[in-house]
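Only the coordinates and a few stated rules stand behind these numbers; no lab work does. Predicted, not measured: the structure shown is a model, and the values here were computed from it. When we count neighbours, we look across all protein chains shown, and the Cβ atoms used for this are built from the backbone with ideal geometry, even at glycine.
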Amino acid sequence: MRDTVLKIENLNFGYTNKLLLKDFNLTVKRGELVSIVGKSGAGKSTLFELIAKNLKPKSGKIESKNIAWIFQDPYSSFHPSYTVISQILEVAKDKNYKKYLRQLSLDENLVNALPHELSGGQLQRCSILRALLMKPDLLLCDEPTSALDNVVQLDTMKLLVSLLDKMGILLITHDMDLAKWSSDKIVKIG
């Protein structure tokens, strides 16, 4: 029996008078990849903020195990003055980062650079590397491959799917083909 890494019950959240999420329920188990899809402004990223406890729901309950997050904008998640690898290893539970470099199409010289020395796609793959080394039970992925070309995107998603025995993944995506290919279930918001 796979354990539950995220359980949301009767979640209600909104700004002013508009509810973005009304009586929202979701369960993610270890070994599952669940995609969240919907229009811009429908509440997908807000849901992640609620799960991460950066926002407080109006009502309902959210229970989750150890979380790591892959942000859509990798530049906002790395400090500009420190090397990428020093920031990754600072939060990593697993320090063996070299095992993922090839699968993420990263060179060791890149991870030893400062964030501004990398392209958006390279830094996004470093963000994925950091999240994986945190050994989460639940991985929140906010458009994690949108900055990557098609080949690297596919390799990166294959890597994430191959690690599902260790975690559950909640994926925000606008790419329905990606959601259909990778997901155990697709949840529409909005």
### Message
Limiting things to C-alpha atoms, what are the Rg and the maximum Cα-Cα separation (Dmax) for the stretch 42-133, in angstroms?
### Response
14.9, 47
### Cα→Cβ-extended label distance, 7 Å offset, between ARG102 and ASN150, nm
2.6
### Task
Please go through the residue pairs LYS56/LYS188; LYS44/LYS166; LYS98/LYS180; LYS56/LYS180 and name each one whose alpha carbons sit more than 26 Å apart in this structure.
LYS98/LYS180; LYS56/LYS180
#### Entry: Most to least packed among 135-147, 17-29 [average Cβ atoms within 10 Å]
135-147, 17-29
### Query
Which value, in debye to the nearest 20, gives the size of the charge dipole of the stretch 7-87 about its Cα centre, when Lys and Arg are +1 and Asp and Glu are -1 at the Cβ?
240
### Task
Specify the inter-centroid distance of the stretch 5-39 and the stretch 96-162, based on alpha-carbon positions, in whole Å.
26
### Task
Work out from phi, with θ = phi - 60° and the Karplus expression 6.51 cos²θ - 1.76 cosθ + 1.60, the ³J(HN,Hα) of each residue of the stretch 109-125, listed in order in whole Hz, and give x for Gly and Pro.
4, 5, 6, 8, 8, 7, x, 5, 7, 10, 6, x, x, 5, 5, 5, 5
### Query
If you put +1 on each Lys and Arg Cβ and -1 on each Asp and Glu Cβ, how big is the dipole of the stretch 1-53 around its Cα centre, in Debye rounded to 20?
80
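With +1 on each Lys and Arg Cβ and -1 on each Asp and Glu Cβ, and nothing else charged, work out how big the dipole of the chain is about its Cα centre, in Debye to the nearest 20. Walk me through the numbers on the way to the answer.
Numbers: 26 positive and 21 negative charges, 134 e Å.
That gives a dipole near 640 debye.
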### Query
Starting at 0 and stepping by 5 Å, how many percent of the alpha carbon pairs of the stretch 4-188 end up in each bin?
1, 8, 17, 20, 20, 15, 10, 5, 2, 0, 0
